[in-house]
1. Go over the candidates 505, 499 one by one and state the one that is among the charged types (D, E, K, R), on the phi < 0 side of the Ramachandran plot and in a helix (DSSP H, G or I).
2. I need the full set of residues from region 568-603 which are surrounded by 14 or more Cβ atoms within 10 Å (Cβ to Cβ) and over 48 Å from the mean Cα position of the chain (by Cα), in order please.
3. Among the residues of region 327-339, write down those that are part of a loop (DSSP other than H, G, I, E, B), farther than 18 Å from residue 107 by Cβ and in contact with a strand residue (DSSP E or B) (Cβ under 7 Å, 6 or more places away or on another chain).
4. Tell me the residue from 119, 114 that is at pLDDT below 95, assigned to a loop (DSSP other than H, G, I, E, B) and surrounded by 17 or more Cβ atoms within 10 Å (Cβ to Cβ), please.
5. For region 397-409, give me each residue that is surrounded by 18 or more Cβ atoms within 10 Å (Cβ to Cβ) and either in contact with a Lys or Arg (Cβ under 8 Å, 6 or more places away or on another chain) or hydrophobic (A, V, I, L, M, F, W, C) (or both).
6. Does residue 513 satisfy being of a type outside the set (A, V, I, L, M, F, W, C) and under 26 Å from residue 461 (Cα atoms)?
7. Could you please let me know if residue 560 is assigned to a loop (DSSP other than H, G, I, E, B) and closer than 30 Å to residue 212 by Cβ?
Amino acid sequence: MTGSNHNILAALANKITTPAEALASVSSGDRIFVGTACATPRVLVQTLENMGDKLTDVHLYHFLVDGAIPCVDGRPHTKFHHKVFFVGSDTREVIKQGKADYIPISLAQVPLLIKRGGISIDLALVQVSMPSDKGFVSLGVSVDITSAIIKNAGRVIAEINPNMPWTHGDTLISVDQIDKMVLVETPVIEYVHPPVEDAVSEKIARYVARIIEDGSTLQIGLGRIPNQMLRYLTNRRALGIHSDVITDPIVDLVEQGVITGEAKTIHKGKIVASYCMGTRRLYDFINNNPLFSFHPIEYVCDPSVIAENYKMVSVTQAWSIDLMGQVCADQFEGEFYSGVSTQPDFIRGASASPGGKPIICLASTTEDRGRSRIRPLLREGEGVTIPRSDVHYVITEYGYAYLFCKSIRERALALIEIAHPSFRHWLLAEAKRLGYLREEQTLMSRSAYPEEAVKEVTLKNGTKVIIRPAKASDVRGLQDIFYHMTSQDVYTRFFTCLKSLSVSKAEHLCNVDYEKEMAFVATIGHLEDEQIIGSSCYVVNPSTNMADVAYMIRPEWKGGGLGSALQQRMVEYAKSKGLRGFTADILSENKAMLTLAKKCGTVTMRHSHGAYEVEMVF
């Protein structure tokens, strides 16, 4: 401790005392707040527990904590009753013991509730930095709801810790607001995310990272998958952070020049957060660093503030989702896990952001692969954390689904397509039973969606187009192409004067098994406004090991190289499956298709009755 610190402490001698003396005024019936996460005031809490036999009906209120519940013989044990806004492993056990209650509320609503008297706090126990010579302490790593609690609590007792970082932003508290101080010199609690070692989580993380664009502003959360996702952003540029919590991977991305905040529309150039959980490396990095700006949770998580960030991306890890899109993120099969936290606020804020992306991610099954996390209906004991009306992107290890403003039928089919293959046909049957899907609806694929076959191409006019394997849910997009085609184009494609393309006929063009049948679609735009502008498909003839091919392109995209791009992608895929080549029947007047066919391997054409029988050997 420096001489300056000694002088400051000497000036505060009337406030500084021992833990026992500081807590001597605690009375039975008191409602006590315990500081958050890595700023949990462990010394004060342990002292309070030691006094527990003399106190009755004391309630402890807290968000995420570390060490607020002592362990006896390896099990959490407390003498008090806890009211919690977040359920960690320790509080989960004391809930089972009947010693804690979970309050499912958005964390951003807690400060308002306290100000209005909905929750009355008699005493706040917090941990802060050393006082400055100006008479202020910093809330350091945890501003969150602590700021509002201190302003509204009857009394405040603070552990002052020289190891607590001094953070910038709205983090300062006058020592006049603190009734008693206890000097502690313990290391600030460190938190390390368990390493993501399973291939499922890693694949989801890669999918999430793939749809994050340069210039995006991110909210990460505490989930393993969102934090793993940060590892795959090293090739992005000008990312920003506006998040309830930040963790260690932030440091790497700042040092690599990935996170700069230069594209942010508010707090430009700043990393905005409300609390952080990490190692000493992170704490040293944020200490007195003006790059970071910490603020109370009610500001950071205000949807209107979040929405001011351009390209705001929110990533929420969920436990389960049903076929209507209802998300459970704080409960799993009757047990409480984590909490509502700030997820609804960031989902709504990101959805209102220009170019924003609210993302829900989850593994398709439980860890033992025995149950699908995509349910026909959420089960008993699985509450709705995020309503179906607020859900946009959903990502599993089997791909993406975009649900916003989609019908129940479209939602159900899109979610079944990203479910584990072992459960897809069960989900399909259940969706029909519930009336979500037509009785004749089928799913041809029994395998994973071939995500590796997705490719971006650039057309002659410079337009970037995504060519991806088709899905059963692409029916409407193919119908849209059909109804924009001229009658002549329809005739040359289908060899008949079709007036309509029914759902069942459209399904034949996109609902394939990816083995004996294959289909690609060419799309422009993002998932939320994706437009299909072309399609191609083939059906394998097992007797010849050749595949019959066909194409369909919106008229305004003809002549720009889209047909060639689709054909090239089809050839690459067919070769990977060991096919010898393609066959096609092409009308004599269809010059464009004849020209396209001639570009495909060794071509043989036989004319018969106004059409060519074309064979293209690779």
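The values are calculated or read from the model by the stated rules, or taken from the named source; none is laboratory data. Small disclaimer: the values here were computed from a predicted structure and weren't measured. Here Cβ is always computed from backbone atoms with ideal geometry, including for glycine, and neighbour counts include all displayed protein chains.
1. 505
2. The answer is 587, 603.
3. Residues of region 327-339 that are part of a loop (DSSP other than H, G, I, E, B), as a first pass: 329-330, 333-334, 337, 339.
Okay, now just the ones that are also farther than 18 Å from residue 107 by Cβ, so 333-334.
None - no residue of region 327-339 is part of a loop (DSSP other than H, G, I, E, B), farther than 18 Å from residue 107 by Cβ and in contact with a strand residue (DSSP E or B) (Cβ under 7 Å, 6 or more places away or on another chain), so the list stays empty.
4. Values: 114 fails: assigned to a loop (DSSP other than H, G, I, E, B).
Going through 119, 114 in turn, just one is at pLDDT below 95, assigned to a loop (DSSP other than H, G, I, E, B) and surrounded by 17 or more Cβ atoms within 10 Å (Cβ to Cβ): 119.
5. The answer is 397, 401, 403.
6. Numbers: of a type outside the set (A, V, I, L, M, F, W, C): yes; under 26 Å from residue 461 (Cα atoms): no.
Considered against the rule, which asks whether it is of a type outside the set (A, V, I, L, M, F, W, C) and under 26 Å from residue 461 (Cα atoms), residue 513 comes out as no.
7. On the way: assigned to a loop (DSSP other than H, G, I, E, B): yes; closer than 30 Å to residue 212 by Cβ: yes.
For residue 560, the condition - assigned to a loop (DSSP other than H, G, I, E, B) and closer than 30 Å to residue 212 by Cβ - is met.
Okay, residues lined up against (1) touching a strand residue (DSSP E or B) at 6+ places or on another chain (Cβ under 9 Å); (2) in the same structural domain as residue 504 (by TED's automatic domain parsing); (3) not in a helix (DSSP H, G or I); (4) not acidic (Asp, Glu):
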residue	(1), (2), (3), (4)
410	no, no, no, no
414	yes, no, no, yes
426	yes, no, no, yes
439	no, no, yes, no
444	yes, no, yes, yes
457	yes, yes, yes, yes
461	no, yes, yes, yes
465	yes, yes, yes, yes
473	yes, yes, no, yes
